[in-house]
Amino acid sequence: MTVVAFSDVDVLDILVVLAVAVTAVLAVVIPRRVSATIAFLVFGLLLALLWARVAAPDVAIAEAALGGGVAGALLVDALHRRQPDSPQRSRRRTATVTAVGAVLGAVTVAALVTVLSRLTAEPADLGPLALEAVERSGVSHPITAVLLNFRNLDTLLEIAVVVFAAVGAAALSRDRIRPVSDPGPVRRVIAVVIVPALVLLAGWLLVAGTSEPGGAFQAGAVLGAALIIAHLCGVHAARAEGRRALAIVVTGLVAFIMLGAIGLAATGTWLALDLDWAFAAILAIETLLTVSIGMALAMLFLAAGSRDEGSVTDARARAAAAGGAP
Amino acid sequence: MTTLQLFLYAGAFILVLGVVATMLVRDLIRRLIALNVASGGVMLLLLALADRGDGEPDPVPQALVLTGIVVMAAVTGIAIVLARRVERLDDDLEEVEP
């Protein structure tokens, strides 16, 4: 049996990977929601560190803003509710199911590791091809070129997913958005200081994304965070609810589809961009996507935090208070 | 073992851990966390694969992961809304048939 030698590996890499694995285990094993959520948030932050190690600064920014920021806010906001008691099941059956799951999981990991150990260390052919074609894309940052030009159908479908999620969440929580209690002077100052700074940062990430790490996703996540903070601090001008917010969210998707049609008319290929106007088109569509994604994330946050009205219990209480028959 | 292999094996472990936990855990919020952990494993696999070789990293998997992060945030949002709905219905059922 050969001893696994880690001599070629940076000690820091081993430590970060170990920490990531441990927090992942904790996040799924701990029974209490609060503790599991905290473990997951630490997991997300450590992942952002790891992304910097695999030369993916764009992903690190997005992970920090979305994984740690918006998703964290969503999960933490869900915690203020009571955790329902888990249904009583026989201990033996639970143990059996867990054991079967653990064994099947171990077998799958072993199979995956066997496959992965046979991969060559050579990069795939697609990467160099994409890097070579960047100069014909209209922007100089390779990831933005892939997202908004070479594979912009993926991005179109992604924005469609985001729009459907926002519309669905808004429909499920209609009329139950929690009104904000009067924000004290501290929260007002926070809004005045942080929200403009975040909007500025979003704008910078958006424009910088054409030539260096950044782009519509990261900018959208930061804008969404700004809208959520504005909401929590009682700024009503930017409320992410109602028809106006829906219209803003849908605009990004509609504009992207129109861009596809323009590409069809101008170049004969759906979603293709002509180098003459590719830069302008990419920056324009990225701006709309940033606003759409930001608004959609804020809508999802508000919907997830909506209050629990309209349940049978509430209706009964109200009927009793009114003195009428339920 | 190389750095690439370390990252790939860790990615495979986290992915499978998340998928198994998603199927076994019964609490809805914890199940959602497990799904997010699984997506972290997929991202680690893809990004480690993108960073093979000495040159610039492959932008295509990195773009895929970026798309995945945004989709996962949207999925998390709507799943929390649905989980609240389900739990409220469960509370109501308990109320009606104690």
About the Cα centre of the protein assembly as shown, how large is the charge dipole given +1 on each Lys and Arg Cβ and -1 on each Asp and Glu Cβ? Please answer in debye to the nearest 20.
1720 debye
Short version: ³J(HN,Hα) in whole Hz for each residue of the range B:72-89, in order, from phi by Karplus 6.51 cos²θ - 1.76 cosθ + 1.60 (θ = phi - 60°), x for Gly and Pro, what are they?
5, 5, 5, 4, 4, x, 6, 5, 5, 4, 5, 4, 4, 4, 4, 5, 5, 4
Dipole axis of the protein assembly as shown (+1 Lys, Arg; -1 Asp, Glu on Cβ), positive-most option in A:Trp270, B:Gly77, A:Gly305
A:Gly305
How big, on average over all directions, is the shadow cast by the Cα convex hull of the protein assembly as shown, in nm²?
25.0 nm²
Using 1/(1 + (r/R0)^6) with R0 = 30 angstrom and r between the beta carbons of A:Phe279 and B:Glu56, what's the FRET efficiency to the nearest 0.05?
0.90
Using the 10 angstrom Cβ neighbour count as an exposure proxy, how do A:Asp10, B:Asp27, A:Asp182 rank, fewest first?
A:Asp182, A:Asp10, B:Asp27
Mind putting a number on the dipole of the range B:3-96 about its Cα centre? Charges go on the C-beta only, +1 for Lys and Arg and -1 for Asp and Glu, and I need it in Debye to the nearest 20.
100 debye
Can you report the principal axis dimensions of the range B:31-98 using only the alpha carbons, biggest first, rounded to whole angstrom?
65, 16, 8
J(HN,Hα) series, the range B:16-30, from Karplus relation 6.51 cos²θ - 1.76 cosθ + 1.60, nearest Hz, glycine and proline x
5, 4, x, 5, 4, 5, 4, 7, 8, 6, 9, 5, 5, 5, 5
Among A:Val70, A:Ser140, A:Leu156 the positive-end extreme of the charge dipole of the protein assembly as shown (Cβ point charges)
A:Val70
Over the protein assembly as shown, the sum of -39500 (n - 2.57) across DSSP H runs of at least four, divided by residue number and rounded to 500 deg cm²/dmol, gives at 222 nm -24500 deg cm²/dmol
Relative exposure of A:Trp277, A:Trp270, A:Trp51, judged by other C-beta atoms within 10 Å (fewest first):
A:Trp270, A:Trp277, A:Trp51
Net length gained if the chain between A:Arg188 and A:Ala266 were fully extended (0.36 nm per residue, minus Cα distance):
23.1 nm
Would you work out which of A:Val25, A:Ala60, A:Leu50 lies farthest towards the positive end of the dipole of the range A:10-82, given +1 charges on the beta-carbon of Lys and Arg and -1 on that of Asp and Glu, about the Cα centre?
A:Val25
Would you kindly compute the Cα radius of gyration of the range A:137-307 and its largest Cα-Cα separation (Dmax), both in Å?
17.2, 57
Rank the residues A:Thr23, A:Thr210, A:Thr251 as a footprinting-exposure proxy: fewest other Cβ atoms within 10 Å of their Cβ go first.
A:Thr251, A:Thr210, A:Thr23
Under unit Cβ charges (Lys, Arg +1; Asp, Glu -1), what dipole magnitude, rounded to 20 debye, does the range A:10-82 have relative to its Cα centre?
500 debye
Apply 1/(1 + (r/R0)^6) to the Cβ-Cβ distance of B:Glu94 and A:Leu126, taking R0 = 51 Å, and write down the FRET efficiency to the nearest 0.05.
0.40
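Throughout, read-outs are computed from the coordinates displayed, never taken from laboratory work. If you're wondering where the values come from, they're calculated on a predicted model, not measured in any experiment. Positions of Cβ are generated from backbone atoms using ideal geometry, with glycine treated the same way; all protein chains shown enter the neighbour counts.
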